[in-house]
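See structure below.
The values are calculated or read from the model by the stated rules, or taken from the named source; none is laboratory data. What you see is a predicted model, and the numbers here were worked out from it, not measured in a lab. A quick note on method: Cβ atoms are made from the backbone with ideal geometry, for glycine too, and the neighbour counts reach across all protein chains shown. The area values use the complete protein model at the heavy-atom level, side chains included, leaving out ligands, DNA and RNA. Shrake-Rupley method; radii C 1.70, N 1.55, O 1.52, S 1.80 Å.
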Amino acid sequence: MSKINVEGSEISIIAIDDKDYISLTDMVRNIENGLALIEKWLRNKNTIEFLGIWEEMYNPDFNSLEFEGIKNEAGLNRFVLSVKQWVEKTNSIGIVAKAGRYGGTYAHKDIAFEFASWVSPYFKLYLIKEFERLKEEEQKKLGWDIKRNLAKINYRIHTDAIKNNLIPEKLPKEKINFIYANEADILNMALFGMTAKEWRDENPNLKGNIRDYADISQLVCLSNLENLNAVFINEGMKQSDRLEKLNSIAIEQMKILSEAESVKKLK
């Protein structure tokens, strides 16, 4: 669950089948008799027509026959319709009524924006603005997660190649760690032009390590270099030759990655 603040109202957003559903209840919570507005909106003929069109577009199990009956009744003085009745009669998916701690009426964002416009065009614009801001923040977080995980993609392949080819039998643990660190620095030198220690010495005030500050293109390239270095190690290539080869590959890949549109979108 996520929350956004729109003009003093804290509005909940939940995911249903990977789609964003916004709380209509939260939208009207600070309005006098606000909860009654949801059913009043639902009794509106234009609302029923909008909901029916949306369901027919996105819901293959929508009960169109029941919908036609409801649409014909909509607008009459005797017409009454609750969210629960709408869902049960039409098998709709656009609006849901949830119970429990975070209960209330939720609607797919398309429908929620339509409801917000009915309540207040001013409120709708700010709702859309805050919703888009939330999505941008989520994309940034996703981008960061991708960045962190990209560097780990070929990690096991790389370390296994080191273990199977470069670590002698019964080597002390501290020596083993040195070999792993040394091979990590081969990749650092090939891509960044410096070792981890050299980077720390140049950036004493920064937390983390050199790879924490790499961009998407660099981390994609680093992942590729790990895999290639594993292949070169298995082939018995000398470390100096591997470094020269990896540096040449890094230069070529960074030229390509820096211009790739798919990578730019992740940044």
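Values as computed for the structure displayed
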read-out: Check on residue 124, open to solvent by 20 Å² or more (accessible area, probe 1.4 Å), over 22 Å from the mean Cα position of the chain (by Cα) and not assigned by the TED database to the domain that holds residue 24; value: yes
read-out: Residues satisfying the stated conditions in segment 49-66, i.e. surrounded by 12 or more Cβ atoms within 10 Å (Cβ to Cβ) and hydrophobic (A, V, I, L, M, F, W, C); value: 50, 51, 54, 62
read-out: Any helices (runs of 4 or more DSSP H) falling wholly within segment 1-85 and containing at least 1 residues that are touching a residue at least 60 places away in the same chain (Cβ under 8 Å) and under 22 Å from residue 126 (Cα atoms); value: 24-27, 34-42, 45-58
read-out: Test: residue in segment 83-90 that is closer than 16 Å to residue 41 by Cα and surrounded by fewer than 15 Cβ atoms within 10 Å (Cβ to Cβ); value: yes
read-out: Condition check for residue 105: β-branched (Val, Ile, Thr), in contact with a Leu (Cβ under 6 Å, 6 or more places away or on another chain) and either open to solvent by less than 60 Å² (accessible area, probe 1.4 Å) or at pLDDT 90 or above (or both); value: yes
read-out: Failed item, numbered, when residue 240 is tested on (1) free of Cβ contacts under 8 Å to residues at least 24 places away in the same chain; (2) within 18 Å of residue 163 (Cβ to Cβ); (3) among the small types (Gly, Ala, Ser); value: (2)
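Yes/no matrix, rows are residues, columns are (1) open to solvent by less than 10 Å² (accessible area, probe 1.4 Å); (2) touching a Leu at 6+ places or on another chain (Cβ under 8 Å); (3) at positive phi:
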position	(1), (2), (3)
11	yes, yes, no
14	no, no, no
18	no, no, yes
30	no, no, no
43	no, yes, no
